[in-house]
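Notes for the one structure printed next.
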Amino acid sequence: MGAAVARWTVAAVLLQVAGLSLFLYGFFPVKPTLSGFSGTESYGMPSCSPVGAGEQEPALPPNQLRSLYRELSGVPPVYDRLMLMVIDGLPAEFVLGRGGKPPSKEMMESMPYTQSLLAGCKAAGYHAKAAPPTVTMPRLKAMVSGAIGGFLDVAFNFNTQAFLEDNLLGQLHRIGCKLVMLGDETWIKLFPTLFARQDGVSSFYVRDTVEVDFNVSRHLEFELAAKDWSVLVLHYLGLDHVGHIGGRRSVLMAQKMKEMDDVIRQVHAASLQDNLERTLLVVVSDHGMTEGGNHGGSSYEETDSLALFIGHSVERPYCSPYDQNEALQVDLAPTLALLFGVPIPKNNIGVLLPELFNSLTDEQKLRTLELNSWQISRLLQAQIPAFCLEDCINSEDGLGIDVRHESIEKKFCHLLYNAFASHRSSRLHQGSDFKSDEARYVATAVDNYYGFLRYASEWLSHRATDKPFYLLISAILMMAMSCLCLMGTMSHLFKGQALSQADHHSDSYLDQRWHLDEVFILTGIFLYVISLGSSSFVEEEQYTWNFLTSTLYLIFLIKTVQSMLKGSNSTLVHRVKGKSSDRNNFSYAVSYELTPGEQDGYKLCTVLTVLVSGRVIRAWHQGGINWVHFPDISKLLAQADSSIVKSLQTISVLAVVALYSVSLMLLRARSKFVIGVWLSHVSCGILVLMHIWENQINTVLPVNHSTSIARLFYATASVSISATLLASPWIFPIYSTEAKPASSDSNPVKHADSHGISNSVFLTGITYTVFWCLLQLLLQQPINAIPLLLIFLQTVSSVAHFSLDKTLHKQWVQGIALQFLGMAGHFGLGNTNSLASIDVAGAFIGISSYSTVISGILMFIITYGSPLMLYLGMVIYISVNGCDDISTRWQLKQRYILDKMVTLPCLLPLLVNSVALTSYTIVLLLMRNHLFVWSVFSPKYLYVCAATVCTYVGVFVIAMTAAYNCAVFSFRARSYRDTSH
């Protein structure tokens with residue numbers, strides 16, 4: 001039966017992977033865009049012919065193209081030189097305040113020069129909302145192209161490819177502008193051929209907060225003195241790295257902002273000395289940051305990016321510098337394109353910012369709005385075949401359309417008709433003796449243009465690309481078939497076990513009633529699946545897992561107390577003791593010397609340990625997304641002295657080392673190999689302690705040799721784990737005695753001994769789990785040290801509880817309980833369903849330069865530290881629950897042992913994950929047009945996909961460990977039989 005189960009399980013997994021890949025391909029397609037670059041056609045009214053039709057423009061030399069653009073546009077370029085300074089991760093709130101109130105005193109004192117420009121009305125600042133995902137690469141694309149990229153750009157952020165769409169830098173390069181870039185190498189990867197001079201730095205090594213900015217500023221003096229460039233891009237990364245390490249309130253934040261203010265002062269002073277009238281300084285940020293310093297999600301703190309313009313065209317006699325001036329990040333592209341006299345990028349959905357065109361005449365301002373409207377209209381024609389700009393303008397009944405009840409193309413027609421009609425009226429009244437009438441007509445035209453542009457921009461930004469529905473349905477059917485296949489395999493497995501237990505008149509077969517814990521688990525999984533359809537439940541999923549886990553273990557506590565009160569265990573314990581005493585069976589945390597009373601006491605203590613630990617973990621990180629501002633233990637520790645946090649880390653490391661030592665003592669193996677494994681574990685614990693005490697929480701730079709310490713830990717742990725896995729099956733005996741018989745009449749192999757294989761798997765499992773815990777203590781945020789220790793305690797206590805009385809809970813209940821613990825711990829470490837909670841800083845511990853693969857693996861390890869720890873703990877579980885009835889020679893055959901040890905522990909996680917994955921895929925398809933599809937449901941789906949990978953990894957480790965141990969013991973058993981004959 002084991003071989004058949006394995007074949008069906010592998011087939012189901014392959015089908016699930018195929019269905020998931022198909023769904024991802026269909027649901028997250030690359031957004032369709034207009035090909036090519038905008039040219040002279042952008043200065044004329046769009047025709048009703050298909051977009052893209054027509055002949056290709058002949059290539060012109062840069063100087064001729066620049067002159068042609070100026071002639072056709074009707075708007076003179078306002079500036080000749082652009083200084084684009086990107087301060088990565090700077091929230092606009094730090095510079096412009098929030099809600100009409102100025103920023104905090106500390107923030108204002110950190111940027112005195114910038115604040116003086118705002119107060120003197122020499123700069124215009126905007127809260128430029130960034131679209132999710134709020135990571136660097138897609139935000140830079142949005143700024144230079146005006147287009148919102150696909151959601152999966154968050155994945156490509158770590159492996160940037162050349163950007164081939166129409167964009168502002170490409171347009172400037174086409175008219176002969178020389179471009180220079182200093183800073184984040186993402187720019188070089190996006191535009192590998194545009195920059196005449198460049199010096200890129202890696203944006204992903206977030207432990208560095210000094211060198212990454214020094215490498216930019218060291219070129220400033222030379223570049224500011226140079227006269228050969230037209231565009232200078234400066235991308236500073238230090239402030240973002242400060243946030244990743246210490247959060248918004250890091251002690252380094254004010255210092256870093258002062259450094260950025262000095263750069264703004266230096267750059268602005270150079271532009272004043274050079275030619276104030278022709279140089280524009282733009283200070284922007286790609287995204288904001290959460291309180292913890294992370295980003296990637298859609299909260300206000302993450303999307304609140306800065307756009308600050310310093311130049312002659314924004315100066316005005318009166319201003320309110322801290323008004324909540326709002327814009328979109330994509331508005332930067334059309335604004336800068338029209339200020340510098342180049343066509344607006346083809347796929348732009350942004351709207352120009354009017355305050356930056358104060359130096360133009362009224363007619364020129366209306367011309368810029370007209371050009372922006374024509375460009376947006378071309379996009380609309382590509383999206384809506386029935387929409388035609390010429391028909392809208394020539395329509396005689398355009399003003400009579402009822403906007404509320406008409407189709408979307410007629411709404412756009414109505415708004416456009418009003419805009420162009422009022423524009424014509426303003427031309428007719430141009431030069432009128434009544435200046436008030438002229439101004440009124442201009443104001444009306446401006447309002448009508450902005451009415452159309454903002455409505456069209458919002459519609460385009462929320463426009464979901466057409467998804468191949470039949471493809472998505474096919475993918476879901478494949479995943480559903482995979483889920484049903486796993487369910488059928490599980491049902492077949494239970495039926496086979498029931499028949500086997502019936503043949504042996506097993507107590508568990510005689511008791512086939514549904515128990516409270518079984519009913520609760522099935523009900524809980526059903527309720528969890530239902531909750532996935534609610535955005536609020538998805539955002540605060542940690543409450544669901546805390547409730548399911550704590551309630552399930554409370555039921556375990558009730559059952560334990562009931563068994564103690566009934567005294568029903570005494571006979572069973574003595575029977576088990578009698579059966580096992582002659583074969584020296586091993587059971588974790590309980591030996592054959594335990595009395596029934598002691599066993600009940602241990603059962604009670606283990607389940608109470610899980611419940612108390614769970615309550616402390618629950619209080620460590622309060623809330624997920626909406627309630628994250630509530631006070632909790634982690635916030636108190638973040639504000640406490642660093643020595644307190646370091647002390648807690650030290651206690652956690654020492655406790656893990658002590659628990660491992662106790663586990664090896666329970667193993668009662670005194671071989672040199674086991675002692676060597678223990679010594680390697682102690683060495684790794686010392687290395688973690690060295691890393692903790694040599695790295696201050698808010699250091700400017702990591703200690704020079706801390707990277708070497710982390711690398712030494714990785715090497716020692718890898719060697720120790722590999723050696724334990726490979727050698728442990730060879731050092732434990734197969735039978736009660738391996739000595740040859742004294743006389744030829746005696747039979748030395750009466751009973752197989754499961755002690756050897758059980759101890760071998762146990763040693764491997766406890767080594768996995770403990771080294772994984774030390775790895776997490778090395779990588780995780782310092783404030784998570786105690787929760788990590790408690791999750792480890794929960795793992796060990798659960799396994800001990802299940803081994804003390806194997807009849808109290810069914811095996812499938814025990815397996816799912818361990819999965820519940822893993823998910824509760826996942827959220828207990830501060831993870832959420834927002835991409836902003838991913839810990840980027842820890843992914844660079846032990847590496848000196850950025851590597852997409854290595855950093856990605858470390859990021860995955862940190863994020864799924866708790867679920868993977870419980871999967872590794874399941875190796876311990878199978879060592880004490882999977883070898884109980886291996887008592888005869890034929891049962892040492894590999895196939896039988898695998899069936900007993902691996903089938904259920906591997907099949908259960910796959911089934912539970914398959915149910916969750918299939919259910920949420922259906923939910924995502926139903927929510928594809930929901931308002932929160934990209935901000936809530938899609939990020940959660942990425943987590944579900946990552947959890948699927950986590951499940952596959954955990955199941956592979958369990959199966960691989962058991963299969964290797966079984967293969968070795970089967971080989972040794974055959975070899976022993978051959979030599980004994």
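The values are calculated or read from the model by the stated rules, or taken from the named source; none is laboratory data. Being a predicted model, the structure only gives us computed values, none of them experimental. Heads up, the Cβs are rebuilt from the backbone with ideal geometry, glycines too, and the neighbour counts pull from every protein chain shown. What goes into the accessible areas is simple: the full protein's heavy atoms, side chains included, and nothing from ligands, DNA or RNA. Shrake-Rupley method; radii C 1.70, N 1.55, O 1.52, S 1.80 Å.
Considering segment 781-826 alone, what residues qualify as being of a type in the set (S, T, N, Q) and either open to solvent by less than 20 Å² (accessible area, probe 1.4 Å) or without any contact (Cβ under 8 Å) to a residue 60 or more places away in the chain (or both)? Steps first, please.
Of the residues in segment 781-826, the ones of a type in the set (S, T, N, Q) are 781, 784, 794-795, 797-798, 803, 807, 811, 814, 819.
Residues satisfying the conditions are 784, 794, 795, 797, 798, 803, 814.
May I ask you to list pairs of residues, at least six apart or on different chains, whose Cβ atoms are under 7 Å apart, with the first in segment 83-112 being within 21 Å of residue 299 (Cα to Cα) and the second being of a type outside the set (A, V, I, L, M) and open to solvent by 50 Å² or more (accessible area, probe 1.4 Å)?
Going by the 7 Å Cβ cut-off, the qualifying pairs are 91/301; 99/324; 100/323; 100/324.
Looking at 218, 248, 207, which one is open to solvent by 30 Å² or more (accessible area, probe 1.4 Å) and either in contact (Cβ under 8 Å) with a residue 12 or more places away in the chain or closer than 26 Å to residue 165 by Cα (or both)?
Selected residue: 207, the only one of 218, 248, 207 that is open to solvent by 30 Å² or more (accessible area, probe 1.4 Å) and either in contact (Cβ under 8 Å) with a residue 12 or more places away in the chain or closer than 26 Å to residue 165 by Cα (or both).
Look through 285, 313, 305 and report the one residue that is over 37 Å from the mean Cα position of the chain (by Cα) and of a type in the set (Ser, Thr, Tyr).
Just a single option satisfies the conditions, and that option is 313.
Looking only at residues that are modelled with pLDDT of 90 or more and in a strand (DSSP E or B) in segment 181-198, which one is most open to solvent (accessible area, probe 1.4 Å)?
Once the filter is applied, the top-ranked residue is 198.
If you scan segment 832-864, which residues turn out to be free of Cβ contacts under 8 Å to residues at least 40 places away in the same chain and not in a helix (DSSP H, G or I)?
Within segment 832-864, 851 is the sole residue that qualifies.
Using the structure shown, decide if residue 365 is open to solvent by 20 Å² or more (accessible area, probe 1.4 Å), assigned to a loop (DSSP other than H, G, I, E, B) and closer than 26 Å to residue 413 by Cβ.
Numbers: open to solvent by 20 Å² or more (accessible area, probe 1.4 Å): yes; assigned to a loop (DSSP other than H, G, I, E, B): no; closer than 26 Å to residue 413 by Cβ: yes.
When the stated conditions are applied, residue 365 does not pass them.
(1) at pLDDT 90 or above; (2) in contact with a Lys or Arg (Cβ under 9 Å, 6 or more places away or on another chain); (3) of a type in the set (A, V, I, L, M, F, W, C): which one isn't true of residue 360, the others all being true?
Among (1) at pLDDT 90 or above; (2) in contact with a Lys or Arg (Cβ under 9 Å, 6 or more places away or on another chain); (3) of a type in the set (A, V, I, L, M, F, W, C), the lone unmet condition for residue 360 is (1).
Return a yes/no flag: does segment 900-910 have any residue that is within 15 Å of residue 878 (Cβ to Cβ), surrounded by 20 or more Cβ atoms within 10 Å (Cβ to Cβ) and without any contact (Cβ under 8 Å) to a residue 60 or more places away in the chain.
The answer is yes, given that some residue of segment 900-910 is within 15 Å of residue 878 (Cβ to Cβ), surrounded by 20 or more Cβ atoms within 10 Å (Cβ to Cβ) and without any contact (Cβ under 8 Å) to a residue 60 or more places away in the chain.
I'd like to verify a number: residues in segment 922-961 that are closer than 24 Å to residue 723 by Cα, surrounded by fewer than 18 Cβ atoms within 10 Å (Cβ to Cβ) and touching a Phe, Trp or Tyr at 6+ places or on another chain (Cβ under 9 Å), how many?
1
Does segment 325-343 contain any residue that is modelled with pLDDT under 85, open to solvent by 50 Å² or more (accessible area, probe 1.4 Å) and not in a strand (DSSP E or B)?
So far as segment 325-343 goes, no, none of its residues is modelled with pLDDT under 85, open to solvent by 50 Å² or more (accessible area, probe 1.4 Å) and not in a strand (DSSP E or B).
Here are 749, 662, 688, 703: which of them is assigned to a helix (DSSP H, G or I) and either in contact with a helix residue (DSSP H, G or I) (Cβ under 6 Å, 6 or more places away or on another chain) or at pLDDT below 75 (or both)? Lay out the reasoning, then the answer.
Values: 749 fails: assigned to a helix (DSSP H, G or I); 662 fails: either in contact with a helix residue (DSSP H, G or I) (Cβ under 6 Å, 6 or more places away or on another chain) or at pLDDT below 75 (or both); 703 fails: assigned to a helix (DSSP H, G or I).
None of the others qualify; the one that does is 688.
Which number in (1) open to solvent by 10 Å² or more (accessible area, probe 1.4 Å); (2) modelled with pLDDT of 90 or more marks the one condition that residue 355 misses?
Condition (2) is where residue 355 drops out.
Please enumerate the residues belonging to segment 268-302 that are buried (at least 24 other Cβ atoms within 10 Å of the Cβ) and part of a helix (DSSP H, G or I).
The answer is 302, and nothing else.
Scan 464, 498 and give me the residue that is in a loop (DSSP other than H, G, I, E, B), at pLDDT below 85 and small (Gly, Ala, Ser).
Matching residue, one of 464, 498: 464.
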